[in-house]
Amino acid sequence: MTSTERTDVLVVGSGFGGAIAAYHLAAGGARVVVLERGPWLTGQDFDHDFKLGSSYTRAFDFTVGDGMSILGGNCVGGGSVVYFAAMPRAPRFVFERHGSIGRRMWPAAVNRDTLDPWYDRVAESIPITQQSWDDVTYAGGLWAAACDHAGRTANPVPAAIDRSKCTNCNWMMAGCHFDAKQSLLLNYLPAAVAHGAEIRPLHEVQQISRTDDGGYRVHYDVMDDEDYRLRGESGTIDAKIVILAAGAGATPVILQRSEATLGAMPHAVGRYFSGNGERLNTAIINEDKAREVLGLERENGLAYAANQIGKGPVVANWDRLDGSLPEFERFSLEQLYFPPGLGTILAEVPGATGPSWFGVDKKEILKRWQSWLIIFQMIEDNNEGVFGPPPAKGNADRLSQQMLGVGRLKYDPTPQTLRAWAMADAEVKDILERDGIAEVAAWTNDVVGAYTVHPLSSCRIGDDPATSALDDRNELRGHPGIFVTDGSAVPGALTVNPAMTISALAERAIPGIVAAARERGVEVTYGAPAPDGSTSGRRGVAPLIPSLSRR
Amino acid sequence: MRPPSTDVDETRTMTLEAFADTIVPGEKRSPDDRAIAGATTGGGAVQAGALDLLGWDATGLTEGLDGFVTALTGHATAYALEHGLDLDPAVPPFVSLTFEHRTALVRRLTTPGHPEKELWVSLALFCNMAFDSAAHMSTADAIAQGHPGLLAMGIEKPDADGRWRFPNFSYGRPLARLHPDTTPTGSPS
């Protein structure tokens with residue numbers, strides 16, 4: 001059987017950008033098919049196991065590039081399944097950034113005020129909790145106490161976690177077994193399916209071509225469910241609207257590969273990639289000082305020694321999120337748990353004079369792993385990433401059965417980015433090395449380059465066709481009917497975790513997508529409530545719909 | 001005299017063990033252990049199962065291991081010549097190097113700009129994973145069996161159902177002032 005299937009809307013990827021689009025379009029009456037290259041796993045499938053082949057390696061993907069590596073989701077639910085559920089909104093100044101282009105990089109139509117109603121829609125759809133100090137783990141508590149001791153403030157981070165179900169197991173990155181993390185598997189995706197959206201896991205989209213009727217044909221390969229190096233049959237689906245949401249490490253690659261059939265892509269496709277300015281530091285806590293200086297004590301007389309306990313980031317320092325500071329001098333510092341495996345190898349020994357990511361001294365700090373405190377920096381980087389020519393298939397040459405591949409991203413940080421990282425490093429040291437609380441070292445960039453868990457901007461929105469691949473309604477310039485709604489669309493680093501902003505931009509893109517679908521003869525309407533039926537968010541965005549529904 | 005294939009296997013095993021031991025060093029398994037340099041006490045990557053992990057084709061490295069061994073032998077030989085070191089013909093060249101020289105050579109091979117850097121980094125990555133996450137074993141089994149890496153790092157034992165739960169997790173009190181520009185829902189304003 002080789003005949004081509006047909007649908008109204010084809011969504012590539014099922015993370016925040018894809019799931020939100022799939023839900024609204026299906027709820028509005030369109031036929032929706034979602035192609036997701038990873039497996040469809042649910043709570044019972046999520047193992048507490050580092051063994052290769054467990055859910056941990058099935059559900060996420062690590063793509064090594066030249067100067068930058070990307071850790072992302074690879075499963076139904078995408079990044080929402082493997083992220084740490086931090087859901088802050090981006091600070092106001094972020095939307096005024098210029099970066100390297102000499103003008104405001106966000107579209108004129110988007111700023112914090114105009115995005116807030118869309119943030120509200122997300123907050124109504126994904127249960128988000130402002131965590132209290134009782135929810136804050138030992139690691140977050142120590143970070144808060146150290147910030148306070150240094151004269152800084154510290155905030156519990158809003159998170160999409162059901163506190164009544166969380167066991168503080170710290171396996172969140174392998175998918176939440178207890179359904180405490182409010183991933184898309186629990187809200188937008190089941191609601192999309194209830195409205196008839198069809199989700200096909202293990203379908204990796206390779207390229208897009210045109211059909212004679214002005215629509216698009218999406219070409220996919222079916223992937224083996226255990227060894228992602230193996231491919232099965234190929235197929236095609238025709239659609240009137242295509243929504244790309246494969247993640248900022250894959251969406252531009254699909255478009256690059258499609259250039260032969262679709263025609264020239266906007267210059268910004270595969271350019272201006274941002275790693276959200278991310279960088280990690282490891283602090284090795286002096287347990288005696290944590291007790292004496294910070295006054296911390298937990299059960300059994302311990303002061304800290306709690307690196308394994310918890311639920312990802314719970315406390316952030318936002319003192320440098322000050323809009324009066326110059327660009328590239330603003331950043332946040334967030335406590336983070338990062339599990340062993342792909343993370344610890346990049347940690348370096350505090351005070352070492354040469355490379356120390358392996359060897360005798362590294363082993364010694366591994367023995368003190370329980371006393372590690374990891375601080376996650378999010379600075380303003382300079383959108384330095386560029387994707388080279390795409391590989392033959394997928395977004396990377398896959399090395400391991402799962403998880404590990406070699407991609408085409410090249411990232412060469414500019415002096416502004418390097419200086420911003422150095423400033424953030426110095427701030428972490430100033431806070432945590434004060435009075436001997438800890439010794440701190442940044443993770444090395446020499447092994448796999450910089451390391452991002454929040455890839456952004458490789459196909460960004462904007463008003464300037466020269467520096468943005470999408471117009472301000474997320475439609476791909478020169479290719480009407482193709483929309484991008486994932487982190488690729490976010491124009492630049494956000495200085496905070498980006499899931500909330502990616503989601504809000506996706507919500508904002510829906511009225512325009514609905515309008516485009518209607519122009520193509522799809523009987524679809526805009527106006528679905530939140531997945532649980534709530535409607536206050538819908539009322540909040542009502543005044544904004546007309547401008548977004550017009551070209 | 002042993003069959004040549006055994007020599008090849010022994011060369012391969014010893015060379016890979018010496019590389020793994022350079023990444024996460026351990027103590028010698030016996031006084032005449034040559035592959036493990038004995039730079040630290042306690043088990044290192046070798047005792048943690050690095051060769052088991054590298055030998056599992058799920059890593060994607062297995063088919064290339066002979067190439068790694070050949071290349072590392074060549075690099076070690078050249079390194080010894082460059083530094084005027086005498087290599088012991090009784091063991092493979094990389095094994096013959098002292099721990100300090102092994103470390104210096106691995107640093108060279110993994111330094112940005114080295115043409116083979118990505119290859120050696122990938123080998124190092126899995127050697128480290130054998131130690132810090134026992135990626136070739138069920139984590140619960142690894143802990144139950146006394147896996148040297150997970151034990152050294154202090155990974156807690158799971159509950160009887162193989163799941164981790166930490167009922168005590170919070171100091172349970174305010175530990176800092178909130179940033180003044182925080183919205184009611186907890187975001188930066």
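Read-outs: derived from the displayed coordinates by stated rules, not from any lab. The structure displayed is predicted, hence computed values, not measured ones. FYI the Cβ positions are ideal-geometry reconstructions off the backbone, even for glycines, and counts take in every protein chain you see.
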Heads up, the stretch A:373-431 by the C-alpha gyration tensor (a ≥ b ≥ c square roots of eigenvalues; a/c under 1.5 rounded, else a/b over b/c prolate, else oblate) looks oblate
Percent relative contact order for chain A, counting Cα pairs under 8 Å at least six residues apart, stands at 25
Rounded to the nearest 500, the 222 nm mean residue ellipticity computed for chain A from DSSP H runs (n ≥ 4, each -39500 (n - 2.57)) alone is -7000 deg cm²/dmol
Row for the stretch A:5-520, column shape: gyration tensor on C-alpha, a ≥ b ≥ c, rounded if a/c < 1.5 i.e. under 1.5, prolate if a/b over b/c, else oblate; value prolate
Note on the stretch A:1-136: contact order normalised by length, alpha-carbon pairs under 8 Å, 6 or more apart, percent, works out to 16
Largest fluctuation, B:A124, B:A71, B:A48 only, Gaussian network model of chain B with Cα springs under 10 angstrom, belongs to B:A71
In a Gaussian network model of chain B with springs linking alpha carbons closer than 10 Å, the residue among B:L105, B:L119, B:L178 that fluctuates most is B:L178
Long-range share for the stretch A:72-188, i.e. C-alpha pairs more than 20 Å apart as a percent of all pairs, stands at 56
Candidates B:H114, B:H75, B:H179; GNM for chain B (alpha-carbon contacts under 10 Å) flags as most fluctuating B:H179
For A:K393, the aspartates and glutamates lying under 12 Å Cα to Cα, once residues fewer than eight places off in the same chain are dropped, come out as A:E204, A:D221
Rounded to a whole number, the mean other protein chain Cβ count within 10 angstrom for residues of B:28-36 is 0
Helix A:138-149: inclination vs chain A longest Cα principal axis, degrees, rounded to 10, gives 70
In whole angstrom, the spacing between the Cα centers of the stretch A:209-288 and the stretch A:299-335 equals 31
For peptide B:55-65, the mean count of other chain Cβ atoms within 10 Å per residue Cβ is 4
Longest principal axis of chain A (C-alpha) makes with the long axis of helix A:415-432 (C-alpha) an angle, in degrees to the nearest 10, of 40
Karplus-derived 3J(HN,Hα) from phi for the stretch A:397-408 (6.51 cos²θ - 1.76 cosθ + 1.60, θ = phi - 60°), whole Hz, x at Gly and Pro, runs 7, 6, 8, 8, 3, 9, 6, 10, x, 10, x, 10
So, over other residues within a Cβ distance under 11 Å of A:R152, counting Lys, Arg +1 and Asp, Glu -1, the net charge is -1
Quick calc of log₁₀ I(q)/I(0), the stretch B:7-152, Debye, one scatterer on every Cα, no solvent, q values 0.14, 0.20 1/Å, result -0.62, -1.25
Note: A:43-51 gets an average of partner chain Cβ contacts (10 Å, Cβ to Cβ) equal to 6
The stretch B:7-152: relative contact order from alpha carbon pairs under 8 Å, six or more residues apart, as a whole percent, is 28
Which of A:K363/B:K28; A:K289/B:K157; A:K289/A:K429; A:K240/A:K410; A:K51/B:K157 exceed 22 Å between C-alpha atoms? The answer is A:K289/B:K157; A:K240/A:K410
Taking every DSSP bridge whose two residues both lie in the stretch A:5-520, the antiparallel percent to the nearest 5 is 65
